[in-house]
Amino acid sequence: MSFDLIRDPEILAGYLTDASNVRGHAEALVRPHTAAQIVRIVRHCQETATPLTVTAARTSTTAAPVPQGGWLLSMEALDRIEAIEHDHAIAQGGVRLGALQDAIEARGRLYPPDPTSRRDCTLGASIATNASGARSFRYGPTRPWVTALQVVLPTGELLEVDRDTPVPDGWPLPSWPEPRVKTAAGYAPARTLLDLFIGQEGTLGIITRATVRLTELPASVFALLGFFPSRDAAVAFVQHARASARADPYGPLSPRCLEYLDHHCLALAAGRVGGIPEGARAALFCEQEIYGDEDDHLEAWLGALSDADALIDDTLLANDPPTQARLHALRHAIPAGINERVVHNGMPKVGTDLAVPDDALIEMMEAYEAAPLPHVLFGHVGDNHLHLNLLPRNLDELQQARAYYDELARRAIALGGTVSAEHGIGKLKRHQLAWMVGPQTLAGFHRLKVRLDPAEILGRGNILAPSAGL
Ligand SMILES: Cc1cc2nc3c(=O)[nH]c(=O)nc-3n(C[C@H](O)[C@H](O)[C@H](O)COP(=O)(O)OP(=O)(O)OC[C@H]3O[C@@H](n4cnc5c(N)ncnc54)[C@H](O)[C@@H]3O)c2cc1C
């Protein structure tokens, strides 16, 4: 073998889990430096039917990089930025997304996908999971920003693929009615060969290099936190702002993100940093890129907030350093408060990742709010994609939380939504994906997987259960 296998249990231990806290096991770890080495590793694994799990920064919340035997392949040494031009950038799969974005922004350009984890997670994994973030409301998920990939197939071929690359003969590309919402669940109905490798969760190929499209870096952006007397007032504002952004993406009211905070979030923030107005039952964190005159934007925003009955005098407009610091402290108090509760409870939180069509938003929010145990609700309301965080206090409640999550997933499916808008399926949500796509589509996914990966070595257990006997 022409690659070093690490079998030291102490080193391996650092690679066996992810943000889901599921712990796996593996016989060995490889840390290749080149695509050619990855080719040799993958060929060996396919010939010997050795499961091979790609691991990057392990920020996944779905146990996707957690191995269940076999070998682990770490992308950490493939971390080079190769080129940043006016309209595109090229980087290796293991480069940190935030570092790449900093380098791009230093050249006055923007690569928009912004998962909250972008400082930690890698470019290759963000493509493999079709990651999204707050500003996906304006820019969409990762998929449309990828223009070419270098991929090692599960049989060891090195493929260079762009949007014009033809589909190889006999590849049964998936074709199914994907929900018309932001989604990262299952193999996307592939419009091009390139699409197949975006959102495949490390099961169809290892992304060694990516070319991504860049856009204009906005000259400036303002952020604001608007407080509302009720959830419905906040949603009315969202509907208005969404319609306005769709009608004129460069108009005075054209947010790049619309993020919801429910009254439980506000209570958490009030307890930690104060400054939550009396009477606030919901809040929206929003960002607006400035085109033309800033005053025109401000006038449009304040007018629309006022029309939606926002607590207008309490609106925090982050246009000076003290207000920016206050807004920052308020936003960060919420994850900190949740983590504190989780530690205090000694139980993991159960976080949803569902999205529904526009007209189902209120119904879905009502279902979240009816959760039978402590919770907070926040997230990407512009995309009807909220994260309900259930905070169980004991094992019974943990079970109850998981059962309620399944109930919510069924509700989202019935409303035409998705069981994963951004985090993917991994090993934890396969049952929900099966409910969403049905047995025929699942069989189609399986045919594709086996055609590309006869021994089902790559990312075994992600998206699909392994075939019987494996
Ligand atoms: C606090 C926090 C916030 C988060 N916020 C967001 C968010 O806003 N939006 C969002 O979409 N996600 C979010 N996530 C989830 C996670 O960060 C993303 O899924 C991210 O893309 C994973 O990147 P990673 O480098 O950590 O990959 P890992 O977790 O190591 O791997 C994730 C998956 O990608 C596969 N993979 C990794 N590298 C490659 C490669 N080069 N080629 C092929 N497959 C590969 C792995 O096998 C695995 O299936 C968040 C997670 C945390 C913990």
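The values are calculated or read from the model by the stated rules, or taken from the named source; none is laboratory data. Model, not experiment: these values are computed from the prediction. Don't worry about glycine lacking a Cβ; one is built from the backbone with ideal geometry, like all the others, and counts go over all protein chains shown.
Kindly indicate whether any position in region 246-255 is assigned to a helix (DSSP H, G or I), modelled with pLDDT of 95 or more and farther than 20 Å from A336 by Cα. Let's see the steps before the verdict.
Taking region 246-255 and keeping what is assigned to a helix (DSSP H, G or I), we get 246-247.
Applying the additional criterion that residues be modelled with pLDDT of 95 or more yields 246-247.
Those left that are additionally farther than 20 Å from A336 by Cα: 246-247.
Yes - at least one qualifying residue is present in region 246-255.
Under 7 Å between Cβ atoms, at least 6 apart or on separate chains: pull out the pairs that start in region 41-67 with a residue that is within 9 Å of the ligand (Cβ to nearest atom) and end on any residue that is hydrophobic (A, V, I, L, M, F, W, C) and assigned to a helix (DSSP H, G or I).
Cβ pairs passing all conditions: A56/A125; A57/A125.
Out of region 1-33, which residues are among the β-branched types (V, I, T) and without any contact (Cβ under 8 Å) to a residue 60 or more places away in the chain?
Going through region 1-33, the residues among the β-branched types (V, I, T) turn out to be 6, 11, 17, 22, 30.
Listed by number, the residues that qualify are I6, I11, T17, V30.
Restricting to region 124-146, name every residue that is in contact with a helix residue (DSSP H, G or I) (Cβ under 8 Å, 6 or more places away or on another chain) and over 16 Å from A64 (Cβ atoms). Show your work before the answer.
Our first condition is that a residue be in contact with a helix residue (DSSP H, G or I) (Cβ under 8 Å, 6 or more places away or on another chain); within region 124-146, this holds for 126, 130-132, 136-139, 142-143, 145-146.
S136, F137, R138, Y139, R143, W145, V146, listed by residue number.
Which count do you get for residues in region 312-330 that are under 17 Å from R281 (Cα atoms) and either surrounded by fewer than 15 Cβ atoms within 10 Å (Cβ to Cβ) or in contact with a helix residue (DSSP H, G or I) (Cβ under 9 Å, 6 or more places away or on another chain) (or both)?
Qualifying residue count, region 312-330: 5.
Pick out the one residue from P154, P174 that is modelled with pLDDT under 95 and either under 22 Å from A35 (Cβ atoms) or in contact with a Pro (Cβ under 7 Å, 6 or more places away or on another chain) (or both).
Numbers: P154 fails: modelled with pLDDT under 95.
Selected residue: P174, the only one of P154, P174 that is modelled with pLDDT under 95 and either under 22 Å from A35 (Cβ atoms) or in contact with a Pro (Cβ under 7 Å, 6 or more places away or on another chain) (or both).
Does region 290-329 hold any residues that are of a type in the set (F, W, Y) and modelled with pLDDT under 90, and which are they?
Going residue by residue through region 290-329, those that are of a type in the set (F, W, Y) are 291, 301.
Within region 290-329, just Y291 meets the criteria.
Could you pull out the residue among A318, A325, A269, A283 that is under 21 Å from D358 (Cβ atoms) and small (G, A, S)?
Values: A318 fails: under 21 Å from D358 (Cβ atoms); A325 fails: under 21 Å from D358 (Cβ atoms); A269 fails: under 21 Å from D358 (Cβ atoms).
Answer to the check: A283.
Sort out which residues of region 12-40 are touching a Gly at 6+ places or on another chain (Cβ under 9 Å), more than 13 Å from the ligand (Cβ to nearest atom) and part of a helix (DSSP H, G or I), and write them in order of number.
If the condition is that a residue be touching a Gly at 6+ places or on another chain (Cβ under 9 Å), more than 13 Å from the ligand (Cβ to nearest atom) and part of a helix (DSSP H, G or I), then V39, R40 are the ones that fit.
Which one of D353, D359, D296 is assigned to a helix (DSSP H, G or I) and within 30 Å of A409 (Cα to Cα)? If you could, list the steps in order and put the result at the bottom.
Values: D353 fails: assigned to a helix (DSSP H, G or I); D296 fails: within 30 Å of A409 (Cα to Cα).
Just one listed residue meets the conditions, D359.
Can you confirm whether G170 is in a loop (DSSP other than H, G, I, E, B), more than 16 Å from the ligand (Cβ to nearest atom), of a type in the set (G, A, S) and within 21 Å of E456 (Cβ to Cβ)? Steps first, please.
Numbers: in a loop (DSSP other than H, G, I, E, B): yes; more than 16 Å from the ligand (Cβ to nearest atom): yes; of a type in the set (G, A, S): yes; within 21 Å of E456 (Cβ to Cβ): yes.
Here the answer is yes, as G170 does meet what is asked.
Looking for something under 30 Å from T352 (Cα atoms), within 12 Å of the ligand (Cβ to nearest atom) and either in contact with a strand residue (DSSP E or B) (Cβ under 6 Å, 6 or more places away or on another chain) or in contact (Cβ under 8 Å) with a residue 60 or more places away in the chain (or both) - is there at least one such residue anywhere in region 76-91? Step through it out loud before you land on a result.
Our first condition is that a residue be under 30 Å from T352 (Cα atoms); within region 76-91, this holds for 76.
So of that shortlist, the ones also within 12 Å of the ligand (Cβ to nearest atom) come out as 76.
With the extra rule that they be either in contact with a strand residue (DSSP E or B) (Cβ under 6 Å, 6 or more places away or on another chain) or in contact (Cβ under 8 Å) with a residue 60 or more places away in the chain (or both), the set shrinks to none.
No, region 76-91 contains no residue that is under 30 Å from T352 (Cα atoms), within 12 Å of the ligand (Cβ to nearest atom) and either in contact with a strand residue (DSSP E or B) (Cβ under 6 Å, 6 or more places away or on another chain) or in contact (Cβ under 8 Å) with a residue 60 or more places away in the chain (or both).
Would a scan of region 94-107 turn up a residue that is on the phi > 0 side of the Ramachandran plot and away from the ligand (no atom under 13 Å from the Cβ)? First the steps, then the outcome.
So in region 94-107, the residues on the phi > 0 side of the Ramachandran plot come out as none.
The answer is no; no qualifying residue exists.
Going through region 126-158 one residue at a time, which ones are closer than 14 Å to L204 by Cβ, hydrophobic (A, V, I, L, M, F, W, C), within 8 Å of the ligand (Cβ to nearest atom) and touching a residue at least 60 places away in the same chain (Cβ under 8 Å)?
Within region 126-158, I127, A128 meet the criteria.
Filter region 196-212 down to the residues that are of a type in the set (D, E, K, R) and either in the same structural domain as P65 (by TED's automatic domain parsing) or part of a loop (DSSP other than H, G, I, E, B) (or both) and list them by number. If you could, list the steps in order and put the result at the bottom.
Here is the first cut: in region 196-212, the ones of a type in the set (D, E, K, R) are 201, 209.
Matches in region 196-212: E201 only.
Return the residue satisfying two criteria in turn: it lies in region 173-215 and is in contact with a helix residue (DSSP H, G or I) (Cβ under 7 Å, 6 or more places away or on another chain) and aromatic (F, W, Y), and of such residues it is nearest to G461 (Cα to Cα).
Only one residue tops the list, namely Y187.
Scan region 411-469 for residues that are in contact with a Gly (Cβ under 6 Å, 6 or more places away or on another chain) and within 16 Å of the ligand (Cβ to nearest atom) and jot them down. Before the answer, list the steps.
As a first pass, look at region 411-469 and keep what is in contact with a Gly (Cβ under 6 Å, 6 or more places away or on another chain): 427, 433, 437, 459, 462.
K427, L433, G459, N462 - these are the residues of region 411-469 that are in contact with a Gly (Cβ under 6 Å, 6 or more places away or on another chain) and within 16 Å of the ligand (Cβ to nearest atom).
For region 445-470, give me each residue that is of a type in the set (S, T, Y) and surrounded by 15 or more Cβ atoms within 10 Å (Cβ to Cβ).
Quick first cut of region 445-470, residues of a type in the set (S, T, Y) only: 467.
Those that are of a type in the set (S, T, Y) and surrounded by 15 or more Cβ atoms within 10 Å (Cβ to Cβ): none in region 445-470.
Are any of the residues in region 111-123 more than 12 Å from the ligand (Cβ to nearest atom) and over 19 Å from D162 (Cβ atoms)? Walk me through it before giving the result.
Just the residues of region 111-123 that are more than 12 Å from the ligand (Cβ to nearest atom), to begin with: 111-112.
Right, trim to over 19 Å from D162 (Cβ atoms) and you get 112.
The answer is yes; a qualifying residue exists.
Is at least one residue of region 355-368 of a type in the set (V, I, T), over 21 Å from R180 (Cα atoms) and modelled with pLDDT of 95 or more?
So in region 355-368, the residues of a type in the set (V, I, T) come out as 356, 362.
Then drop every residue that is not over 21 Å from R180 (Cα atoms), which leaves none.
No, region 355-368 has no match at all.
Would you please list the contacts, defined by Cβ atoms under 9 Å and residues six or more apart or on different chains, that run from a residue in region 323-336 that is within 15 Å of the ligand (Cβ to nearest atom) to a residue that is β-branched (V, I, T) and assigned to a helix (DSSP H, G or I)?
H332/V273
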